[in-house]
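Below is one structure, written out as structure tokens, with a few remarks after it.
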Amino acid sequence: MSRRMLGVVTTLLLVLITACGTRSPSATPPPPVVATWSGRIPPGSGSSFSGVTFLNNRVGWVLEAGTSVILHTVDGGAHFIQETLPDHLVPSHLLFFNSQDGLAAASTLCADPGRCETAILRTTDGGQVWSIERTAPYTTAYDRPGASTIASAPSRAGGAVYIVFGGRLLESTNEGSSWTTIPLPPGIAVSTVFFAAPGIGFVGQGCPGPENCSTFHLYATHDNGRSWSPVWSGPGAPSSVRMTSAENGYLLAAPPMNAVSMGGTSGTLYRTTDGGKRWALVQSSWDGANQGGFQAGMQWASGTVGWIPVDAGAGPLIGGLDITADGGVHWTRLGVKRLWTITGASLLSPTDGYIVGSSRQQNQPAGFLLHTTDGGRSWTVLLPGVFPTQSIDMLSTHEGYGLGAPGSPDALLTTSDGGRRWRFLPSPPVGSADVVAVAFATAERGLLLAEPRYGEEPTGTPRAYGTQNGGQSWSALGSVPLSFVSGLTMISPEAGAVAGTSAAFTPRILLTHDGGRHFVIAPYRPPVTYTLFLPRLFLPGQGGQEAAVLSMGGKFGTVGYGPARTLVLRMVNLLTGKVLLTHAWPDTQNGLSYESAVLSMLNDGRGLIYTVALRNLGHKIEKPAAPGTFVKVRGTALVYSLWSTVDGGRHWSAIAVPNAVGNRINPVELDLVTPRTGFLLSNLGIYRTENGGRTWKAVTPAS
């Protein structure tokens, strides 16, 4: 089958975490929780990552977002060991001196920041055991000197390491065994620190108030803090300084807080060539990169090659990875069309580096770890591993095809054991495009569609490629008159259908009768309400060419990016455009709003629909907004439902959703191969049923 474009939705997740107490630095930490797994990611691990640190192409660590878990690899990502910080501490930064000795900056997660704490931890065995070296109360305010606790990553210069902690600038010359305090410029709150060499460094002044960050001040020392001098002052909020040598370096000033929306905005880049005495403007328009998002964690492999991860935030979904090869004059943002949000990077050389992030496309898993050895032109997926994440197309209970993880959209996969193990197929010759859909009519005959990649080909139409040898080789067929592809289905080696949207964002279905060489617009025009996916074709007994079209929308369509109120299924004849029947699941259950759904139907009219919806609980919960203040948030709950039909969608009956699949999964695709056997692809892996959906068993580990 194919990738399903499920739409852009926003899920209200209300997490109430109790406040954490304080602890003495000398408290003995409990034994660490260490687990090993023979696959790519340990079972039970979260699917979202917030940071990455690699020493070389074999040894590295990945931070799970919002948890105490650190994933550690010593074989380049082939396997990971799960390591856990003590006392529910969540790491924000890692710094390793070698494969064994390292430091972590971490803090507790709790509802009231005034009652939380931060810590510096140390390991001497690669992260299996962490000891707490220092703790301090946690605060995010910058309105007074000494208020900032951990506002920047540790900075290493030769054999020394520096960190802003507990409102003080600390230095260690013995890999964190002991720390000394370096005097700071009087009367300022420090938020950024970077040392180019032992004793020679820079600190940035924090915001003068919680809502006012109009000016950023930078100070330099050449005598390890005995004296400080102002070297730069300009508009913007605290961000980062990175020196590529004793003389050359870069300063990235974030825009003022009052100028930043939910979607973020790009900052201003400056460069020094005299050790920080003078700074010249390099970039404020970011030519070649999309404005927007939240830039952080600037990385430089040389004086000219640099990376800036960009988090999309909660706005218009503009994130990715900003890359320059000419010292910041020109930039390219990777991953915009894939809806990337990049949360961390580790750059080893101008061509070799790692990034962690996620894709905002709902039919993708939350997190990924990618590796490039050619400066970002191509990427290898290390997490979540070699499993389908975009789509599956099972031809039988054993044989099938799929598309791999985001960031490696050309990762065509095949299985011969029912989805337990997958192997890569040769990459198709799609150039700088992304493979977005694949479907097979037989084990040998298949079709794939590729869209032009943003940044290299900003305009163009998708193209079709065909194979006659099971994906071992592909040949170009022709263009597909759509702007965005959301679905592909083959019902025979020559006949198939493509769903997507036109340049005016109008949903369309295209038909091919010659194996993908030519496409025509089907007479049936989908409704303007956002279509979840189109279509899964099936041939009932009458022999008509029918499709199941599932869409979401309320009386007036969707509202913003929120979930739709009503789920509607239509059975249509694509050759005539006639709607054969319509079935709707209306909003009648206490504020039920459908968030996502997947559908599969067989030629005999049997089918399954799996839905995820939000239900308004009808009451409000008080949530801390600041120390001593609360806001009321309406309570919601996720509702999972499974529906089956035996008559082509005319009647539907509910099936109790088993715990194995009804546990906060993000369904990507549902694929029946017989009335009893089917596969469900989700962000928790692949599940299989042998009794028409009544029970499910995991096929692959969680991705």
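Figures for the structure shown
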quantity: Any hit, segment 349-358, residues being among the small types (Gly, Ala, Ser), at pLDDT 85 or above and within 25 Å of Arg271 (Cα to Cα); calculated: yes
quantity: Scan of segment 644-692 for residues that are at pLDDT 90 or above, over 18 Å from Ser391 (Cβ atoms) and among the basic types (Lys, Arg), ordered by number; calculated: Arg676
quantity: Test result for Ser239, modelled with pLDDT of 90 or more and over 14 Å from Ala197 (Cβ atoms); calculated: no
quantity: Subset of segment 507-529 [within 15 Å of Val549 (Cα to Cα) and hydrophobic (A, V, I, L, M, F, W, C)]; calculated: Ile509, Leu510, Leu511, Ala522, Val528
quantity: Index of the failed condition, Gln472 passing every other in (1) at pLDDT 85 or above; (2) in a strand (DSSP E or B); calculated: (2)
quantity: Residue tally, condition among the charged types (D, E, K, R) and part of a loop (DSSP other than H, G, I, E, B), over segment 412-435; calculated: 3
quantity: Qualifying positions in segment 107-133 - at pLDDT 90 or above and not polar (S, T, N, Q); calculated: Ile120, Leu121, Arg122, Asp125, Gly126, Gly127, Val129, Trp130, Ile132, Glu133
quantity: Selection status of Gly176, at pLDDT 80 or above and part of a strand (DSSP E or B); calculated: no
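The values are calculated or read from the model by the stated rules, or taken from the named source; none is laboratory data. Bear in mind the structure is a predicted one, so any value in this text is a computation, not a measurement. All Cβ positions, even for glycine, are placed from backbone atoms using ideal geometry, and neighbour counts span all protein chains on display.
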